[in-house]
Amino acid sequence: MFSESDANSSDNLPAFVAFCLIFLGILIGVSFINYQLFHAVVELASVVVGVSISALAWNSRYYSASRFFTVFGIALLGSSCLDLMHTLTYKGMGVLPGYGTNSATQLWIAARFLHSISLVVALLLINRPVKPAAILGGYSLAVAALLWSILYARIFPDCFLDGTGLTPFKKYSELVICLVFGIGMLLLRARRQQFSGKVYVLLQLSVLAAICAEFAFIFYVNVYGFSNMVGHVFKLTSFSLLYLGVIHTGLRDPLAVVFHELKQKDDQLVALNGQLLSANELLEQRVAERTADLNNMVEELHQKTSELEVEVAERQKAQEELKVAMEMAKAANRAKSSFLANMSHELRTPLNGVVGMAQLLDMTEVTDEQKEYLGILKTSADNLLSLINDILDITKIEAENYSLNNAEYSLRDAVAEVVKMQRRGIDEKGLKLSLELPDEIPDAVTGDRVRFMQILSNLLSNAVKFTEQGGVQISASVREYRDSALLLEIVVTDTGIGISPEFREHIFENFTQVDESYTRKYGGAGLGLAICSKLVELMGGDLWVESTERQGSSFHLMLPFVVPSCPNAVEEYRRTSEEDGIFAATHALPVLVAEDNPANMRYARKLLEKLGCQVTEVTDGRQALAEWERGDFKLILMDIQMPELRGDEVVKAIRQREQDTRIPIIAVTAHALNGDRERFLEAGCDEYVAKPFQMETLADAIRRLVVPDGQE
Ligand code: ADP
């Protein structure tokens, strides 16, 4: 509890106590020889202590924040004055003759009242702002008033009467003084935090000794009585302790007494400084940690940046390589496309002859055996043609060299045409066909009619191909129809062999068939569905299959269409009395056919003659131009790949030379690649028929060109 300075002063305490005890012993000894001397020394010692404390308190009044020592010190000056007067008037001293024991006792009581009450007051004012000069003035007046009332006016209550001894006032006063000192002790205890530990203990002991002294004086019998001597010894002890607590400690350890608050503040400052230092240390540690973190991050960043740089460089390199690879791929693709175009052309030309001749042969008188062979020949040629078409399609789609035509057409007619194409196969197998096209489905739609028919035709032909009994069904339903956008679901269902779940997963891949026995049994190359699925994808639709083995399959075709704003537009597509229209228009129609391949020429001539046309043949471009100039033709069938002058060059020349009239020209060519049609139409042709063509295809083209409006 005591500070370092407490400990230092404590070192001298035993010596001081020993000195006091020796001094006390001498004094007690002296009291037996000369009581007045004993009394005078005791009282003067307490007066000296009181005055010293006053001097200390007064001189430190500006530094001490605690007002206890200021008030109590000034008060002790007052009580010391009274004590001095008490000593001087003491019985037998003879300093102030005329004043007896009563006056000395009254001065004593007055001094003790002042002493005890001031202790309480000083403790109460400990933290209040007080003016030392005012306190000093107040005490001076009080002391003067007390001295006046005791020594001059003699109005102070009697304390000692000769003959009866102490008056009750004196005795009760001692008790009251004890009580006030007791209150002082309690207050002191309550404010102990304001004192250093040592000073607090010494003050408490001093007050306790003062109380003891008062008790001793209650039993006062006579001036030289034992209790009187004990009372004075206690008083001396009380003041010695006061001296020890205030003067001795105040001089040796001023921080403990006068500047106690300062010390407290200093301690707080030291503690604060300590906290600050540790906070600073912590801060420095944190800063160091953060700096280290930051450095690590910067390093990581550097590393990442260099990694990124390497990656960017690698990517750039990869991109360049990719560019080169892409160029190479494009070049390869171009080479492939041109190879395919050539191959397709080269294959189609002879195939056209084969198909044409077979058709013509079929129209002649043949034996049953020959008819059978002819059938096989036709089927093989058809299969070959469809294979060429499939391969061409898939290559074009995969080379992304494929664009869809967008034109208005009749959905119902397209479906009907597909059914018509497959009708023979359905009837041959004795299958039942049902068609469900509810009225809610709009008829006129915009899209690629040819491709739509190709998809549906493929699905229907597969359904027929893989169904031995039962039937096939085409049903359509509207999934969504908003403004002019129509989402249609067309389902082709059969009761055929079905598809196993494992196979179903790969069914839309190129060249996919269950096994080779299928090819033998059912024909086909496994390309149809792959083409369908790719076409559907191009159209922005979806194609999927649901199937149960040995029960049948359902191919779902979901396609978006644009519905033209005018619903009657479909009527433009509706063809009625097809045969009448064509025959009326082509009867005796003079037609110039330019074709260098004899078989094809023969095929074309025969077809045209069947339509009633009058055919003039030419076998190269120059002849064609010359013949056109000479004759009066109503239609030209122009092969494109011809010697001397190419077909498109002839067409261009004709278009340049024509004046008022414009002769309809149909380009007939094995060039079936994407964009060919547009190229020929641009050259001046009006229609385009790809070799090998069927009679209906050619008839259709002729009908479109020569049937006058309103005849259909
Ligand atoms: P293919 O020309 O060989 O018919 P596709 O791509 O059209 O080629 O069909 C691939 C295979 O899918 C067929 O060989 C057949 O095994 C199976 N398949 C297609 N449609 C059906 C169907 N309706 N019922 C059963 N199997 C089918």
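The values are calculated or read from the model by the stated rules, or taken from the named source; none is laboratory data. Note that this is a predicted model, so its numbers are computed, not measured. In this analysis, Cβ positions are derived from the backbone assuming ideal geometry, glycine residues included, and neighbour counts consider all displayed protein chains.
Of all residues in segment 93-123, count the ones that are closer than 12 Å to SER173 by Cβ and among the small types (Gly, Ala, Ser).
3
Could you please tell me which pairs satisfy a Cβ distance under 6 Å, a separation of 6+ or placement on different chains, a first residue in segment 685-697 that is among the polar types (S, T, N, Q), and a second residue that is outside any helix (DSSP H, G or I) and modelled with pLDDT of 70 or more?
Matching pairs, first to second residue: THR697/VAL689.
Suppose we filter GLN204, GLN193 for residues that are touching a Lys or Arg at 6+ places or on another chain (Cβ under 9 Å) and part of a helix (DSSP H, G or I); which single one remains?
GLN204
Does any residue of segment 76-89 turn out to be part of a loop (DSSP other than H, G, I, E, B) and more than 17 Å from ALA45 (Cβ to Cβ)?
Yes, because at least one residue in segment 76-89 is part of a loop (DSSP other than H, G, I, E, B) and more than 17 Å from ALA45 (Cβ to Cβ).
Can we say SER52 is out of contact with any Phe, Trp or Tyr (no Cβ under 9 Å at 6 or more places or on another chain) and either outside any helix (DSSP H, G or I) or modelled with pLDDT of 80 or more (or both)?
Numbers: out of contact with any Phe, Trp or Tyr (no Cβ under 9 Å at 6 or more places or on another chain): no; either outside any helix (DSSP H, G or I) or modelled with pLDDT of 80 or more (or both): yes.
The answer is no for SER52.
Scan (1) under 15 Å from CYS532 (Cβ atoms); (2) more than 9 Å from the ligand (Cβ to nearest atom); (3) in contact with a helix residue (DSSP H, G or I) (Cβ under 8 Å, 6 or more places away or on another chain) for the single condition VAL450 breaks and write down its number.
For VAL450, the exception is condition (3).
Go through (1) at pLDDT 90 or above; (2) assigned to a helix (DSSP H, G or I) and name the single condition GLY496 misses.
The single condition GLY496 does not satisfy is (2).
Among the residues of segment 534-557, which ones are more than 9 Å from the ligand (Cβ to nearest atom) and either modelled with pLDDT under 90 or closer than 25 Å to ILE391 by Cβ (or both)?
Hits for segment 534-557 are LYS534, LEU535, VAL536, GLU537, LEU538, MET539, GLY540, GLY541, ASP542, LEU543, TRP544, LEU557.
Among all residue pairs at least 6 apart or on different chains, which show Cβ distances below 6 Å where the first residue, located in segment 359-373, is surrounded by 10 or more Cβ atoms within 10 Å (Cβ to Cβ) and the second is not in a helix (DSSP H, G or I)?
Close Cβ pairs (under 6 Å, with a partner that is not in a helix (DSSP H, G or I)) do not exist here.
Yes/no per residue for (1) surrounded by 24 or more Cβ atoms within 10 Å (Cβ to Cβ); (2) of a type in the set (Gly, Ala, Ser); (3) within 16 Å of SER238 (Cβ to Cβ):
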| site | (1), (2), (3) |
| --- | --- |
| ALA40 | no, yes, no |
| LEU44 | no, no, yes |
| TRP58 | no, no, no |
| THR70 | yes, no, no |
| ALA75 | yes, yes, yes |
| TRP108 | yes, no, yes |
| PHE113 | no, no, yes |
| SER116 | yes, yes, yes |
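Which of the residues belonging to segment 528-550 are exposed (fewer than 14 other Cβ atoms within 10 Å of the Cβ), of a type in the set (D, E, K, R) and in contact (Cβ under 8 Å) with a residue 24 or more places away in the chain?
Matches in segment 528-550: GLU549, ARG550.
Got a number for residues in segment 413-454 being within 15 Å of LEU486 (Cα to Cα) and of a type in the set (D, E, K, R)?
4
Determine which single condition TYR409 fails, assuming it passes every other condition in (1) part of a helix (DSSP H, G or I); (2) in contact with a helix residue (DSSP H, G or I) (Cβ under 7 Å, 6 or more places away or on another chain); (3) closer than 28 Å to ARG677 by Cα.
All conditions pass for TYR409, except number (1).
Cβ-Cβ under 8 Å, sequence separation 6+ or interchain: first residue in segment 12-24 and under 23 Å from PHE38 (Cα atoms) and modelled with pLDDT under 80, partner loosely packed, with under 12 Cβ neighbours inside 10 Å and not aromatic (Phe, Trp, Tyr). Which pairs?
Correct list of pairs: empty, since none qualify.
Out of the residues in segment 453-511 meeting the condition of being of a type in the set (Asp, Glu) and within 49 Å of the chain's Cα centre (by Cα), tell me which one is farthest from the ligand (Cβ to nearest atom).
Of all residues in segment 453-511, those of a type in the set (Asp, Glu) come to 468, 480, 483, 489, 494, 502, 505, 509.
Imposing the further condition that a residue be within 49 Å of the chain's Cα centre (by Cα) reduces the set to 480, 483, 489, 502, 505, 509.
Numbers: GLU480: 26, ASP483: 35, GLU489: 17, GLU502: 12, GLU505: 12, GLU509: 9 Å.
By that ranking, first place goes to ASP483.
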